[in-house]
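The values are calculated or read from the model by the stated rules, or taken from the named source; none is laboratory data. Since this is a predicted model, take the numbers as computed values, not measurements. Heads up, the Cβs are rebuilt from the backbone with ideal geometry, glycines too, and the neighbour counts pull from every protein chain shown. To get the accessible areas, we keep the full protein, side chains included, count just its heavy atoms, and leave off ligands, DNA and RNA. Shrake-Rupley method; radii C 1.70, N 1.55, O 1.52, S 1.80 Å.
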Amino acid sequence: MEMKEIEAAVESILFASGEPVQIDRICVALDLDRATAEQVLQHLTDYYSYERRGMRLLHIEDSWQLCSAPDYADAIRRAFEIRKPAKLSQPALEVLTIIAYYQPTTRAFVDQVRGVDSAYTISLLQDRKLIEECGRLQVPGRPHLYRTTRQFLRAFHLSSLDDLPEMPDLGGDGQMRLDESGQIIDSGQHAVSSED
C-alpha cells in the first residue's frame, strides 16, 4: 500500500471505532510495523491540527482516537441540543487530584488527606467515568482501590499520567506549608516564589 492509502485506512479504522484504538490493533489490521504506524498517526495528528480541521487525533497512552475539535464544541452542542456538562466542584477536583497523584488509593486515604468524608464525591466521579475501582487493598476490611480512567486523560487533554504537573516538594513531614501571602514554604523555611 502507498502511504496515502495507509493514512486513509488508519483514518477509516479510527473513525469507525468511535473509541480509542490501540496501536497494536492498527498494526495487525494493516500489516504495518509499529514505527510506520506511529509515523502515520503523527502525520494525521499534525494534519488535523495544522489545517484547522473539525477533527483532532488524540493520543491516549498506547491508543489513538478521533474526536471533534474543541473549537467547535458550542456548535456541536447546538446541533444536537446537548447540555454543557456541569463543571466539577472544588471537592470533586480535590478528590480527583488526590486519586490522580496517589493511585491506586483508597477512600480512607482520600478522606484522611481532605479531612472530610469523600464517599459522595467518589461516587460522583465514578458516575462520570473519571475514576474506577481497580481492586482491593490486602488489609483487614479489604477497602476498594481507585484509579483514574482513560476518560480522565481525555477530559484533561493528557496523553498519559506522566503529563500531570509535578507536585511541589512537601518537605520531610509531607505537609505543604504556606506563608501569609499564600506562597509555598519549602523545607528550608523560605517562601518559594513563582519566579524561582
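A few remarks follow.
- Residue check, T121 farther than 27 Å from I23 by Cβ and either without any contact (Cβ under 8 Å) to a residue 40 or more places away in the chain or open to solvent by 70 Å² or more (accessible area, probe 1.4 Å) (or both): yes
- Just one of the listed residues (E61, E11, E19, E5) is modelled with pLDDT of 85 or more, under 21 Å from the mean Cα position of the chain (by Cα) and of a type in the set (D, E, K, R), and it is E19.
Residue by residue, here is whether (1) surrounded by 12 or more Cβ atoms within 10 Å (Cβ to Cβ); (2) more than 16 Å from the chain's Cα centre (by Cα); (3) modelled with pLDDT of 55 or more holds:
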| residue | (1), (2), (3) |
| --- | --- |
| C134 | yes, yes, yes |
| Q138 | no, yes, yes |
| R147 | yes, no, yes |
| R154 | yes, no, yes |
| L158 | yes, no, yes |
| L170 | yes, yes, no |
| G188 | no, yes, no |
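- Of the residues making up the stretch 26-35, those that are part of a helix (DSSP H, G or I) and crowded, with 16+ Cβ neighbours inside 10 Å number 3.
- Hits in the stretch 46-66 - residues which are open to solvent by 30 Å² or more (accessible area, probe 1.4 Å) and free of Cβ contacts under 8 Å to residues at least 24 places away in the same chain: D46, Y47, S49, Y50, E51, R52, R53, G54, M55, R56
- Test set (1) part of a helix (DSSP H, G or I); (2) open to solvent by less than 80 Å² (accessible area, probe 1.4 Å) - H43 fails condition number: (2)
- Among the conditions (1) out of contact with any Ser or Thr (no Cβ under 8 Å at 6 or more places or on another chain); (2) under 30 Å from C27 (Cα atoms), Q112 misses just one, which is (2).
- In this structure, A16 does satisfy being open to solvent by 80 Å² or more (accessible area, probe 1.4 Å), in a helix (DSSP H, G or I) and small (G, A, S).
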